[in-house]
Structures are given as structure tokens and as C-alpha cells.
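The values are calculated or read from the model by the stated rules, or taken from the named source; none is laboratory data. Small disclaimer: the values here were computed from a predicted structure and weren't measured. Positions of Cβ are backbone-derived with ideal geometry, glycine not excepted, and every protein chain shown enters the neighbour counts. Accessible surface areas use protein heavy atoms only, side chains included; no ligands, DNA or RNA. Shrake-Rupley method; radii C 1.70, N 1.55, O 1.52, S 1.80 Å.
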Amino acid sequence: MSPLQGYGEPDDWARSQIALRVLVLVGPVVAVLAAGPAGHAPPWWLVGVVAALAGASAWVPDSPFGVAPFLVVLGWWAAALGDASSAWVLVAAAGLVVAHVAGAVASYGPATMPVDVATVRLWAGRGLLVLLTAPVAWAVTRLLGDQPEQPGVWVLGVAAACLATVVATAALGTREEER
């Protein structure tokens, strides 16, 4: 049995699945290329590695390939920019969030099955909520960049993130299917 069995030929794929998989492919590439305007353009071979890994993830979105392009992009940003806080990191964050959400939705069914509009709306809303944290984190980084590191700031950050998760979960609730 082939690991790609059930994915069909690209000619048979639903248009909605193709659109989602293009986003899975393009998101990490945009994210790594955004380091260029920030002052640290990635070498061509790194962009190729990200594109290849993102392509594998787009082809089989429910595979372990999905995390690989994200790790390479995050590694490049961490190694190349260090403590820099360029606004281009927001473009990178958007690319990664869009790719992740598109991959999650694409993995709900085979490539030949059209994606339900309600599912796309639900996940797009979730993605936007997650993406709203990026400008806040970036702004806080810019505001506190010149300050000496305070003891316990990381503990406070994790506590705030946990609190935000609990509040969001309580506010949005969970929906159980009626039987």
C-alpha cells in the first residue's frame, strides 16, 4: 500500500483543496523570504529547502512534513536576526499561521473532497484570533527592548498566555453534537 494512496491525482482534486494546499506551500516560503527586507535574506538553497518541505506538507497535509518547514523558518529567523524586532516578523507570522490553518483544514478529508465552507470560516476565525497576538507581542517586544530583563518576566509571560487560553476557551466554549 502506497503512503500516498487515497490522495488521487492532482487533476482530480477539488478546487478548494488545491487552494488550501497552495496556501500550505506559499506560507512558509513567504515567511522565510520576509527575513530579506528585515536585513537578513536567506540563501537560495534555504528557500529551496523550505519550498520542498512545504510542498511535501501541501501534498500530504496530515503527515509529519507539516512541522518541518515551520522549524526551518523559525530557525532562520532566530539565527539570522537574533534580538532584532523588525516589523517583517509580522509578515512571517501571517505566512506561518495561514499555512498551518490551511494544512489543518486540508487534512480533514481527501484531496478529491471539496472543503465545507463552514469549516473554512471556523478555522479562518481561529487563525485570525491567533494572528492577533503577533502584533501585540511585537509591540511589547519593541517597547521593552531597551529595558533590562526583569526576573520572572518569562514566568509572567507564560502565565498570561495560559490565562488568555483559559479565557478564550471559556468565552468561545465548546460545541458538542446533539444526539
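Numbers for the structure displayed
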| read-out | value |
| --- | --- |
| Candidates 92, 102 - the one that is touching a Phe, Trp or Tyr at 6+ places or on another chain (Cβ under 8 Å) and either open to solvent by less than 50 Å² (accessible area, probe 1.4 Å) or touching a residue at least 40 places away in the same chain (Cβ under 8 Å) (or both) | 92 |
| Of the criteria (1) farther than 19 Å from residue 71 by Cα; (2) at pLDDT 90 or above, which one residue 5 fails | (2) |
| Segment 115-132, residues that are basic (Lys, Arg) and out of contact with any helix residue (DSSP H, G or I) (no Cβ under 8 Å at 6 or more places or on another chain) | 121 |
| Failed item in (1) at pLDDT below 80; (2) open to solvent by less than 90 Å² (accessible area, probe 1.4 Å), with residue 140 passing the rest | (1) |
| Top-ranked residue in segment 114-134 [being surrounded by 14 or more Cβ atoms within 10 Å (Cβ to Cβ) and touching a residue at least 40 places away in the same chain (Cβ under 8 Å); ranked as nearest to the chain's Cα centre (by Cα)] | 134 |
| Matching residues in segment 95-136 - criterion: being in a helix (DSSP H, G or I) and β-branched (Val, Ile, Thr) | 97, 98, 101, 105, 117, 119, 120, 130, 133, 136 |
| Odd one out for residue 58, checked against (1) without any contact (Cβ under 8 Å) to a residue 60 or more places away in the chain; (2) open to solvent by less than 30 Å² (accessible area, probe 1.4 Å); (3) under 18 Å from residue 87 (Cβ atoms) | (3) |
| Residue selected from segment 69-94 under the condition part of a helix (DSSP H, G or I) and of a type outside the set (A, V, I, L, M), by the criterion nearest to residue 50 (Cα to Cα) | 69 |
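Let's see how each residue does on (1) outside any helix (DSSP H, G or I); (2) closer than 23 Å to residue 131 by Cβ; (3) modelled with pLDDT of 95 or more:
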site	(1), (2), (3)
19	no, yes, no
23	no, yes, yes
29	no, yes, yes
32	no, yes, yes
36	yes, yes, no
41	yes, no, no
52	no, no, yes
61	yes, yes, no
